[in-house]
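We did not get these values from a lab; they are worked out from the coordinates using the rules stated. Everything numeric in this text was worked out from a predicted model, so none of it was measured. Here the Cβ positions follow ideal geometry from the backbone for every residue, glycine too, while neighbour counts run over all protein chains shown.
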Amino acid sequence: MSLLPWTITISFAGAFLALIAGSRSAAAARGVALVTALASWGVVLVAAAGFVPAKGVQTLVDVPWIESLGIHYHLAADGISLVLLVLTGLAATAGVLFSWNIEERTGEFFAYFLTLIGGVYGVFLSADAFLFFVFYEIAIVPKYFLIANWGSTNREYGAMKLVLYSFAGSALVLAGLLWVYAAGNAGSFGLPELTAAAATLGHPEQLAIFALLFMGFAILAGIFPFHTWAPTGHVAAPTAVSMLLAGVVMKLGAYGCLRVALPLVPDALAFWQPAIMALAVVGIIYAGLIALVQDDFKFVIGYSSVSHMGFVLLGLAAGNVQAASGAVLQMFSHGVIAGLLFAVVGRMVYERTHTRKLADLRQMPLYKLLPFAAVVFVIAGLASMGLPGFSGFPAELAILIGAWQASHFWALGAAIGVFVAAAFTLRAIQVSFFGKDDRDPAAADAHHHYDPISLPEKAGAFLLIAASLVVGLKPDLFFDWITPALQSPAFQAVLKGGTP
Amino acid sequence: MQPESVLIEAALAVIVLDLTVMRAKDLRSRLNVASLIGALAVVIAAVLAVRNGAMGEILNGVLNLDTLAVATRVGVLGLTLLVLGIGTGGAKIRHPAEYVVIVLCAAVGFMAMASAQQLLLVFLALELASLSLYVLAGFDKSRPESAEAGLKYFLFGGMAAAFLLFGFSLLYGLTGTLDLPGISVVMAVSGFHPLLAVAMVMILVGFGYKAAAAPFHLWAPDAYQGAPAPAAAFIASASKLSGFVLFTRLLWGSASQGQMLGATPGWVPVVWLLAAASMLVGNLAALAQSNVRRLLAYSAIAHAGGILLGVIASGRSGPGPLFFYLTTYGIATAGAFGVFHVLEAQGGAQNLKDLAGLHRRSPLLAGCLMVFILSLAGVPPLAGFFGKFTVFAAALSPAGLGSPTGWLAVFAIAMSAVGLYYYLLILKEALVRPAAAEAQPVKVPATAALTLVAAAVLTLLFGMFPSLLLRWF
């Protein structure tokens, strides 16, 4: 466990080294990036191997940083952060593998990429609200350059929209945190101290603070109606960045809701619960329906991300341990599966066919031309639909059971969302890969020059599929980490139930 | 010995040397020698300022060297060094020695502003600094815009000085003394007087002009656009630092004396309005700019709003957050002007588009510009973020949103999200767009490169370890 802070250091150092290596050769930058991603992931896995689930967080580092404001460089971890750290390492490694074909300004690309990863590691490890916020913002800005420089469709617009939404969300968070800190006279940005300070404020104030914090974070998690940055951003982004955005960056928002907003103002959830559940379910269904009618393959995946993140928000809002643990598992699961989907669409298909229009793809017998991509996409699609055996199933099941305890109505609504998800996924599979048989062999031959799927692509795909399968077949692997963490006093103040 | 005298002596040495030994040399080496002497003097003065430390009142109480004054002196000297450094990175200046001499004179004015305890000296220091800046703004005789900038700045500045002087004279008439501590004593006894409100308004208008706070900001875009880049950097950095410190002193007094004008009822709401208007006007107008200097001018107006918020907050929290904000803002904005200075000398005009492809033409400048602009935008871990953070935290204490100041802080937070847009427009050109076909790699003179890298490192360092600055207070 004590090694975990190194993930941050390794990532930032790797970013710097990649920049230097990139001025020599692209291959060197790639090598540095892969080694960095693997090294930090290795650190996480070593820590995970020796992890003993416990109630509450285990402090890793705690040194005073800005003493006059009571800010500490305080890193800590529990089962929840560990799950997400494993996800981050996985997504980073897969992301590097799937951006192996970046030739232009490679060093800069990986420098931004690893800076983003370092920020994400930092967020998942922070136990001090100020530190949390700093890492959170460090993860925002590189996205702009990654998308605007190396993206595709409408990249400058997509990048700007995404970053402005993120920044607006974090402005709400900053306002909420400062409000608690200043008005509650906290004297420290430690989460327990802030919680104590928030408790001294009046109930209406607490409600407002909760709304600021939760909404600010939820924007990054893609909550309806502030989700529109996500599809545009995902579509504009280069593949590896789409994978990271859907895979870990949206999780930053959800994690912020869970780690900061909920425990900080435990009494406020009861008031806001109906509204959040409603927004979550509307998001699930609405984004799902939009995904159903998209003509751009990547937009389908982009909206499906929003839909799946709705489950996370629903799980967080349900206010019980079962739903919350399902939400954490769903964060992992969606991170893996969405990463896989984007990898297929953005890297395997688009880089070869140079079109993402479903109408065009329908004209190609892709299942023959890119059989590997077709198999991976079918697997990923099944996982995304929540088929048993994949990680999505236990996660969504736990969320639905938990949500049922909170509200029958919204749980049923979310269950409808599962069907919508099945519909848009099946449609995407059908239209894109199995659209048209090659009744005209000559037309099919015209496409036969597609490069075969490269080794890094295969490695990345296997990595992600394996992760989804392992967790799907043995969800207790993660539930055993998550549930004790949710039984800590901080979470118990806001979450009900859960067998100790 | 006081550091001001070192600067004066150095200024004399520069001019004498330039008139005698350096006369026959070319402009570039004359500028380098003059800048070197100036830089040495600035360093010596900074060492002296630190070694003298907070001496308290000196010269029969005309100067009050408290912590804030010492910190401001060092800050001004640091920014002067920065301006001298970036001055060597650009086009040739026709009268290099005079340029350095005027920069040093302005620095003396700024330093005196930071510690003056007497209305007359306050005004003299202000005018010394302002007159130097007018000249600097019009220093580039090869461009008519520079003359326009100088004239506009002078006319508005002269008007502001008249307002200030009128306000000061009313203050003197009401209290019968020129000493700031004396004024605060008399005011505490005599209570409110209608003429005091007039004096307050006059002083606020005066400072509003000088600080380019809306609605008195109209000169700023033209001055920033037309002035030579180092002069604009000086106007935006050191002049802001000392000006706002002086303003804070007039309002809140110093630790040893009671409140000054800040005790006058109705004062805070007016500053509140100025701050809110500046943030609104600055941020919104900046969105529409295509000239990068004008963009930075509107960004400066927006920042003036944030700084005014810090002025209000420093009545309760002390000047630490305000000083941090001013210093780090000054470094970042001067650094950005430094980058433009180098670029403009090599054929670039001032349009945003001229920055295109900077990442190819000069990775060093692009990297430095990224640090400065992101710091201005308030992105951690750069210093600009912590400056905003600490000012907002101070403004929200202790009442949260229970006080108007708290609401202003929330407004400022919202506006900083707007600001990110136009800052990213700059970075989009510099770091994303490809270079124009005919664009050449940029050669950065070593002194300017060193200065810019140092400023970028400082920006990062103060952001990661804010206690380096905050522990003075």
task: Taking every Cα atom in the range B:1-97, find the radius of gyration and the maximum pairwise distance Dmax, and write them in Å.
output: 15.5, 47
task: Would you mind ranking B:Phe462, A:Phe226 so that the residue whose beta carbon has the fewest other beta carbons within 10 Å leads the list?
output: A:Phe226, B:Phe462
query: FRET efficiency for B:Leu40 and A:Ala27, Cβ-Cβ distance as r, R0 = 51 Å, nearest 0.05?
result: 0.60
Distant alpha-carbon pairs in the range B:400-440 (separation over 17 angstrom), percent: 55 percent
Cβ-Cβ FRET estimate between A:Ala196 and B:Ser467, R0 fixed at 22 Å, reported to 0.05: 0.35
- prompt: Measuring from centroid to centroid over Cα atoms, what is the spacing of the range A:85-164 and the range B:179-254 in Å?
  reply: 43 Å
field: Residue-averaged beta-carbon neighbours from other chains (10 angstrom radius) around A:159-171
entry: 4
query: If you find the alpha carbon centre of the range A:453-500 and of the range A:1-42, how far apart are they in angstrom?
result: 25 Å
task: Apply the Karplus parameterisation 6.51 cos²θ - 1.76 cosθ + 1.60, with θ equal to phi minus 60°, to every residue of the range A:227-242 and state each ³J(HN,Hα) to the nearest whole Hz, in sequence, with x for glycine and proline.
output: 9, 5, 5, 5, x, 4, x, 4, 5, 6, 6, x, 3, 4, 6, 4
query: Beyond 25 Å, what share of the Cα-Cα pairs of the range A:115-252 remains, rounded to the nearest whole percent?
result: 29 percent
- request: Between the alpha-carbon centers of the range A:49-84 and the range A:259-277, tell me the distance in whole angstrom.
  value: 23 Å
- prompt: If you place +1 on the Cβ of every Lys and Arg and -1 on the Cβ of every Asp and Glu, how big does the dipole about the Cα centre of the range B:3-470 come out, in debye to the nearest 20?
  reply: 840 debye
Dipole magnitude (debye, nearest 20) for the protein assembly as shown, charges at Cβ of Lys, Arg, Asp, Glu: 1000 debye
Sum of -39500 (n - 2.57) over DSSP H runs of 4+, divided by residues of chain A (222 nm, nearest 500): -23000 deg cm²/dmol
- prompt: Given the rule -39500 (n - 2.57) for each run of at least 4 DSSP H residues, summed and divided by the residues of chain B, what is its mean residue ellipticity at 222 nm, to the nearest 500 deg cm²/dmol?
  reply: -25000 deg cm²/dmol
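Just tell me how shielded A:127-140 is by partners: mean number of partner chain Cβ atoms within 10 Å of each residue's Cβ, no decimals.
Whole-number average of other-chain Cβ neighbours for A:127-140 is 2.
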task: Using only the Cα atoms of the range A:34-155, each taken as one equal point scatterer with no solvent, compute I(q) by the Debye sum, divide by I(0), and report log10 of the ratio at q = 0.09, 0.22 Å⁻¹.
output: -0.30, -1.25
message: So, R0 is 30 Å and r is the distance between the beta-carbons of B:Tyr172 and B:Ser5; what FRET efficiency does that work out to, to 0.05?
response: 0.60
- prompt: Relative contact order of chain A: what whole-number percent is it, with Cα pairs under 8 angstrom and at least 6 residues apart?
  reply: 17 percent
statement: For A:Lys55, the lysines lying under 21 Å Cα to Cα, once residues fewer than eight places off in the same chain are dropped, come out as A:Lys496
- prompt: What helices does chain B have that are whole DSSP H segments, at least 24 Å long along their own axis by Cα, and with mean Kyte-Doolittle hydropathy of 0.5 or more?
  reply: B:3-19, B:27-52, B:67-87, B:96-115, B:119-137, B:144-175, B:194-211, B:267-287, B:292-317, B:320-345, B:404-431, B:446-464
query: Taking N as the number of residues in the range B:49-98, what is its Cα Rg relative to 2.2 N^0.38 Å?
result: 1.61
- prompt: Hey, what angle do you get for helix A:203-221 against the long axis of chain A, alpha-carbon based, 0 to 90 degrees rounded to 10?
  reply: 20 degrees
field: Computed over the range A:261-413: relative contact order in percent, which uses C-alpha pairs under 8 Å that are six or more apart
entry: 28 percent
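In a shell of Cβ-Cβ distance under 15 Å around B:Arg94, excluding B:Arg94 itself, what net charge do Lys and Arg (+1) and Asp and Glu (-1) give?
Taking every Cβ under 15 Å from that of B:Arg94, the sum is +3.
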- request: Taking H placed 1.01 Å from N in the peptide plane, check which residues at least 5 places from A:Trp65 or on another chain put their amide H under 5 Å from its amide H.
  value: A:Ile71, A:His72, A:Tyr73
- request: Take each of the peptides A:366-373, B:216-223, average the number of other beta-carbon atoms within 10 Å over its residues, and list them starting from the highest.
  value: B:216-223, A:366-373
query: In percent, how large is the relative contact order of chain B, given Cα pairs closer than 8 Å and 6 or more residues apart?
result: 16 percent
task: Give the Rg/Rh ratio for the range A:5-492, taking Rg as the radius of gyration of the Cα atoms and Rh as the Kirkwood radius, to two decimals.
output: 0.97
statement: Which residues qualify? For B:Gln118, with a placed amide H closer than 5 Å and at least 5 residues away or on another chain, they are B:Leu180
task: From other protein chains only, count the Cβ atoms within 10 Å of every residue's Cβ in B:354-367, then give the mean.
output: 1
- prompt: Computed over the Cα atoms of the protein assembly as shown, what is the convex hull's projected area averaged over all directions, in nm²?
  reply: 39.0 nm²
field: Neighbourhood charge, 15 Å Cβ-Cβ cut-off, centred on A:Asp296 and excluding it, Lys, Arg +1 and Asp, Glu -1
entry: +4
Pairs beyond 31 Å (Cα-Cα), from A:Lys298/B:Lys443; B:Lys25/B:Lys210; A:Lys161/B:Lys388: A:Lys298/B:Lys443; B:Lys25/B:Lys210
statement: quick shape note, the range B:3-470: Cα extents on principal axes in Å, largest first -> 69, 53, 40
- prompt: How long are the three semi-axes of the equivalent ellipsoid for the range B:297-353, computed from the Cα gyration tensor as the root of 5 times each eigenvalue, in whole Å, largest first?
  reply: 31, 12, 5
